[in-house]
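The values are calculated or read from the model by the stated rules, or taken from the named source; none is laboratory data. Small disclaimer: the values here were computed from a predicted structure and weren't measured. Quick reminder, even Gly has a Cβ in these numbers, built from the backbone with ideal geometry, and neighbours come from all protein chains shown. For the accessible areas, the whole protein counts, side chains as well, though only heavy atoms, and no ligand, DNA or RNA atoms are used. Shrake-Rupley method; radii C 1.70, N 1.55, O 1.52, S 1.80 Å.
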Amino acid sequence: MPVLSLIANPADSDLDVSLAAAVVQQTGGELNWLSHQVACDIIEPKAPDALAIARDLIGQRRVDANIVPTDGRRKLLLIADMDSTMIEQECIDELAAALDLKPQVAEITERAMRGELDFGAALDTRVALLKGLERATIEAVRREAITLTPGGRTLVHTMKAYGAYTSLVSGGFTFFADYFAKRIGFDEAVANVLLFEGEQLTGTVRKPIVDKDTKRIRLETLAAERGLSLGQTLAVGDGANDLDMIGIAGFGVALHAKPAVSAAAAYRVDHGDLTALLYLQGYEEDEFVR
């Protein structure tokens, strides 16, 4: 039994009663609000092209539409990317800013996330540019330049409250991933290790690196350890190195992602915050753990 899911950003919603009613009229089905004027389900839409109809009616309004199944809708494993997903920045770009190298590094990051460059080679190139950066400066960047993506703590704490295991798996660095995983509430964090000589970066990371294969394998391993099928998992990310885990998860979600990632993912959130992943699973707002 399919569900047509409509979700807006709770901080600035373009989803109102009239738009929901128009979609129901054109697609059929039963309307159920998960959060009034933020998220709703249209249960069992009758139109075979309900998703295309909904997206056409939405037009330029900032509302995400997805078709989701009702069977096994609530997932028991969350695996999430960090940079530009659970946090709003790319950590390596902010480190580069401390050396006045952000434009050069950010360009490489963007190309790597679009899948235009080999991730490992791009990581080595960027980290080499950070050689000599002081630990105290990195701590200041972590403290002052990084912000959490809205809805992330609610996503993680709600899924955990309903029995899910949560993993932050990042192609970034443990210096950030361990810290923000604790702040957000993840059960674990996996990321690359920056190498230091004394209090300064050597310009290298410990090998092997965390890449797309690591992310996919961690998802498969955690599912197997917990006796879950891949259909019971949810993976979310924004870059090309997230595509493998997004491709095998029960819900593989592209969040504010690069175009190639959005095109390949079964589910996409272009406008909502991270609570959109709860609405996709059918959680109502009063079930959220904040």
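Just to be sure, is Ile67 open to solvent by 10 Å² or more (accessible area, probe 1.4 Å) and either part of a strand (DSSP E or B) or of a type in the set (Ser, Thr, Tyr) (or both)? Even if it seems obvious, please write down each step before you answer.
Values: open to solvent by 10 Å² or more (accessible area, probe 1.4 Å): yes; either part of a strand (DSSP E or B) or of a type in the set (Ser, Thr, Tyr) (or both): yes.
So Ile67 fits the description; yes.
Please return the ranges of helices (runs of 4 or more DSSP H) entirely within the range 211-290 where 3 or more residues are of a type outside the set (Phe, Trp, Tyr) and open to solvent by 60 Å² or more (accessible area, probe 1.4 Å).
On the way: elements: 212-225, 243-248, 259-264, 276-280.
Once the helices (runs of 4 or more DSSP H) in the range 211-290 are filtered for at least 3 residues that are of a type outside the set (Phe, Trp, Tyr) and open to solvent by 60 Å² or more (accessible area, probe 1.4 Å), what remains is 212-225, 259-264.
Can you tell which of Gly115, Gly72, Gly29 is in contact (Cβ under 8 Å) with a residue 24 or more places away in the chain, in contact with a strand residue (DSSP E or B) (Cβ under 9 Å, 6 or more places away or on another chain) and not hydrophobic (A, V, I, L, M, F, W, C)? Spell out the reasoning first.
Details: Gly115 fails: in contact with a strand residue (DSSP E or B) (Cβ under 9 Å, 6 or more places away or on another chain); Gly72 fails: in contact with a strand residue (DSSP E or B) (Cβ under 9 Å, 6 or more places away or on another chain).
Being in contact (Cβ under 8 Å) with a residue 24 or more places away in the chain, in contact with a strand residue (DSSP E or B) (Cβ under 9 Å, 6 or more places away or on another chain) and not hydrophobic (A, V, I, L, M, F, W, C) holds for just one of Gly115, Gly72, Gly29, which is Gly29.
What pairs come up if the first residue lies in the range 82-94 and is without any contact (Cβ under 8 Å) to a residue 40 or more places away in the chain, the second is crowded, with 22+ Cβ neighbours inside 10 Å and of a type in the set (A, V, I, L, M, F, W, C), and their beta carbons are under 7 Å apart, counting only those six or more places apart or on different chains?
From the range 82-94, the pairs are Asp93/Val105.
Looking at (1) more than 15 Å from the chain's Cα centre (by Cα); (2) under 30 Å from Val3 (Cβ atoms), can you tell me which one Leu101 breaks?
(2)
Condition (residue is within 29 Å of Leu230 (Cα to Cα), of a type in the set (Asp, Glu) and touching a residue at least 40 places away in the same chain (Cβ under 8 Å)) applied to the range 3-26: is it met by at least one residue? Full working, then the answer.
Of all residues in the range 3-26, those within 29 Å of Leu230 (Cα to Cα) come to 3-9.
Right, trim to of a type in the set (Asp, Glu) and you get none.
The answer is no, given that none of the residues of the range 3-26 is within 29 Å of Leu230 (Cα to Cα), of a type in the set (Asp, Glu) and touching a residue at least 40 places away in the same chain (Cβ under 8 Å).
What helices (runs of 4 or more DSSP H) lie completely within the range 79-196 and have 3 or more residues being buried (at least 20 other Cβ atoms within 10 Å of the Cβ)? Write out each step before concluding.
Values: elements: 91-97, 102-113, 119-128, 135-144, 152-161, 174-184.
Hits in the range 79-196: 91-97, 102-113, 119-128, 152-161, 174-184.
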